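Input: a single structure, listed below in structure tokens.
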Amino acid sequence: MTELGHVAWPPAPIRTERLVLREPEARDRAAAIELLASPEVGTYLGGPRPRDEIEHAMPGAPSRRPGLFIVDLDGAMIGQITLSTETGHLRKAAGKAELGYLFLPEVWGRGYASEACAAALGWFAGALPGEPVVLATQTANVRSLRLAAKLGFTEVERFEAYGAEQWFGVWTSATPSGCSLRPTA
């Protein structure tokens with residue numbers, strides 16, 4: 001599978017009960033910098049990136065690229081979701097789409113990640129039926145492991161990388177009962 005296969009990008013914004021998944025816009029720059037520079041967000045990702053480095057690398061709007069959704073709550077960016085086949089850091093994922101997500105710490109614990117990821121996976125299942133999605137996270141990242149389970153990812157294996165134990169799981173569009181992955185209109 002190439003970068004999201006034959007899917008036209010960007011899709012129409014995906015609306016859920018509380019959120020909109022959409023393309024990056026210039027108004028997202030400050031929140032994107034905050035997200036990438038956050039010590040809390042960087043805890044299981046090798047640490048935060050220096051703010052001045054991010055500001056220099058992002059002179060305007062965050063980069064638009066296939067598979068990147070901005071998660072918008074009431075007109076403001078609160079996080080981002082990626083579905084990408086550029087998984088060079090993870091050979092186990094080669095040829096499959098990998099789900100990634102980052103949310104601002106002030107919105108953690110409110111179900112936004114679950115809602116947004118379920119909507120993105122629902123879109124993906126409609127756009128590329130039958131294609132699996134993979135997810136890797138540190139086993140120490142308990143919140144991420146709970147989210148993976150809630151979304152219906154199944155553990156494939158655990159392995160050591162980046163100085164920590166990693167969890168690797170797979171999702172297919174055959175979801176567990178009671179877990180709706182279709183976005184609302």
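The values are calculated or read from the model by the stated rules, or taken from the named source; none is laboratory data. Because the structure is predicted, anything quoted here is derived from the model rather than measured. Heads up, the Cβs are rebuilt from the backbone with ideal geometry, glycines too, and the neighbour counts pull from every protein chain shown. What goes into the accessible areas is simple: the full protein's heavy atoms, side chains included, and nothing from ligands, DNA or RNA. Shrake-Rupley method; radii C 1.70, N 1.55, O 1.52, S 1.80 Å.
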Out of region 103-120, which residues are part of a loop (DSSP other than H, G, I, E, B), in contact with a strand residue (DSSP E or B) (Cβ under 7 Å, 6 or more places away or on another chain) and open to solvent by 20 Å² or more (accessible area, probe 1.4 Å)? none
Please verify whether A26 is in contact with a Gly (Cβ under 7 Å, 6 or more places away or on another chain) and either modelled with pLDDT of 90 or more or open to solvent by 70 Å² or more (accessible area, probe 1.4 Å) (or both), treating the condition exactly as stated. yes
Collect the residues in region 47-68 that are of a type outside the set (S, T, Y), surrounded by fewer than 12 Cβ atoms within 10 Å (Cβ to Cβ) and in a loop (DSSP other than H, G, I, E, B), keeping them in residue-number order. G47, P50, P59, G60
Which one is farthest from S114 (Cα to Cα), of the residues in region 2-39 that are of a type in the set (D, E, K, R) and touching a Leu at 6+ places or on another chain (Cβ under 9 Å)? E34
Looking at (1) open to solvent by 30 Å² or more (accessible area, probe 1.4 Å); (2) in contact with a helix residue (DSSP H, G or I) (Cβ under 6 Å, 6 or more places away or on another chain), which is the only condition E34 fails? (2)
Residue hits (region 123-142; over 21 Å from V41 (Cβ atoms), among the hydrophobic types (A, V, I, L, M, F, W, C) and in a helix (DSSP H, G or I)) are W123, F124, A125, A127
Candidates T184, T85, filtered to the one that is of a type outside the set (A, V, I, L, M, F, W, C), over 17 Å from the mean Cα position of the chain (by Cα) and at pLDDT below 95: T184
Can you name every residue in region 121-144 that is closer than 17 Å to W9 by Cβ, touching a residue at least 60 places away in the same chain (Cβ under 8 Å) and open to solvent by less than 30 Å² (accessible area, probe 1.4 Å)? L121, G122, A127, L128
Enumeration of residues in region 69-79 that are buried (at least 22 other Cβ atoms within 10 Å of the Cβ) and either within 9 Å of the chain's Cα centre (by Cα) or not in a strand (DSSP E or B) (or both): F69, G79
When you look at E40, is it of a type outside the set (F, W, Y), open to solvent by 30 Å² or more (accessible area, probe 1.4 Å) and in contact with a Lys or Arg (Cβ under 9 Å, 6 or more places away or on another chain), yes or no? no
Filter result for T82 (of a type in the set (S, T, N, Q), within 22 Å of E25 (Cβ to Cβ) and either open to solvent by 30 Å² or more (accessible area, probe 1.4 Å) or part of a strand (DSSP E or B) (or both)): yes
